Amino acid sequence: MTEESSQNSYLLMYVYSPLMVLPIILVFIFYNFLGLDLLVYSGWIVMAVGVIIVFAAGHEFQVKGGIPEGKHLVHTTRLVDTGIYAVVRHPQYLSFILIVFGFVLISQHWLSIISGVIGSILFYMDVKNEEQSNSEKFGDEYRQYMQRVPRMNVLAGVVRLLRKKE
C-alpha cells in the first residue's frame, strides 16, 4: 500500500471509529427511543447475524489463512476464499456494519442513525484500501478472487455460489 493510501486509511479510521462506536454507547442511553419494539427485535437479529459472520470469518482465517504461530488474523499468508469468504470478500467489515446497524435499530435515536450511517459509509470506503493492500499482497490471485466474489453483497454472493454449484 502506498504511503498516501496508508495515510488516507488511517484518517478514515480516525473519523469512522468514533462514529461507529457512538450508536453502541447511545443504545444504553436511548434504548427503544421511539418505542418501536419491532425495530428492537430486528436490531437484535441483525446484530446476531453480524456476530455469527464475524466468528465464521475468524474461524475460516484460523483454519485456512496460514497464520504463523502467535500472530494475529491480519497476518494471513494465504488467500482465504472458502466458507463465508466464498460469499463475500469482506465478511468482517460487513459484520461490523451489521452490528452497528443493529444498535441503530435498537436505539432508534436520530443521533445514532446519523452517526451509524455516516460511520458505515466511511468504514465501507476503507474497504477499498484493504483491497489495494490485498492486491499487493496476493497479486493476480486476489484480483481473480475480486472478479468471482462480491465485496459485501451477501445476496449476490449466495446467488453466484449456488450457480457455481449447478
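Take the residues of the range 22-47 that are among the hydroxyl-bearing types (Ser, Thr, Tyr) and either in a helix (DSSP H, G or I) or in contact with a strand residue (DSSP E or B) (Cβ under 9 Å, 6 or more places away or on another chain) (or both): which is surrounded by the fewest Cβ atoms within 10 Å (Cβ to Cβ)?
By that ranking, first place goes to TYR41.
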Taking the range 77-133 and keeping residues within 15 Å of GLY43 (Cβ to Cβ), touching a helix residue (DSSP H, G or I) at 6+ places or on another chain (Cβ under 6 Å) and aliphatic (A, V, I, L, M) leaves ILE97, LEU98, ILE99, VAL100, VAL104, LEU105, ILE106, ILE113
Which condition number does LEU155 fail, the rest of (1) without any contact (Cβ under 8 Å) to a residue 24 or more places away in the chain; (2) farther than 30 Å from ASP37 by Cβ being met? (2)
I'd like to know if the range 90-109 contains one or more residues that are assigned to a helix (DSSP H, G or I), at pLDDT 90 or above and surrounded by fewer than 16 Cβ atoms within 10 Å (Cβ to Cβ). no
Residues of the range 12-28 that turn out to be more than 13 Å from ILE121 (Cα to Cα), among the hydrophobic types (A, V, I, L, M, F, W, C) and under 18 Å from the mean Cα position of the chain (by Cα), as a count: 3
Kindly check whether there is at least one residue in the range 75-94 that is touching a residue at least 40 places away in the same chain (Cβ under 8 Å), of a type in the set (S, T, N, Q) and more than 24 Å from LEU161 (Cα to Cα). no
Taking the criterion of being under 24 Å from SER115 (Cα atoms), part of a helix (DSSP H, G or I), in contact with an Asp or Glu (Cβ under 9 Å, 6 or more places away or on another chain) and among the polar types (S, T, N, Q), would at least one residue in the range 4-21 satisfy it? yes
Filter the range 48-89 down to residues that are in a helix (DSSP H, G or I) and either of a type in the set (Asp, Glu) or surrounded by 20 or more Cβ atoms within 10 Å (Cβ to Cβ) (or both), then give me how many there are. 7
Selected residue (only one of PHE103, PHE123 is in contact (Cβ under 8 Å) with a residue 60 or more places away in the chain and in contact with a Pro (Cβ under 9 Å, 6 or more places away or on another chain)): PHE103
Would you check if there is a residue in the range 86-99 being more than 27 Å from LEU19 (Cβ to Cβ) and not charged (D, E, K, R)? yes
Would you be able to say whether some residue in the range 134-150 is under 24 Å from VAL46 (Cα atoms) and either assigned to a loop (DSSP other than H, G, I, E, B) or in contact with a helix residue (DSSP H, G or I) (Cβ under 9 Å, 6 or more places away or on another chain) (or both)? yes
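The values are calculated or read from the model by the stated rules, or taken from the named source; none is laboratory data. These numbers were taken from a predicted model, which means no experiment stands behind them. We place every Cβ from the backbone using ideal geometry, glycine too, and count neighbours over all the protein chains shown.
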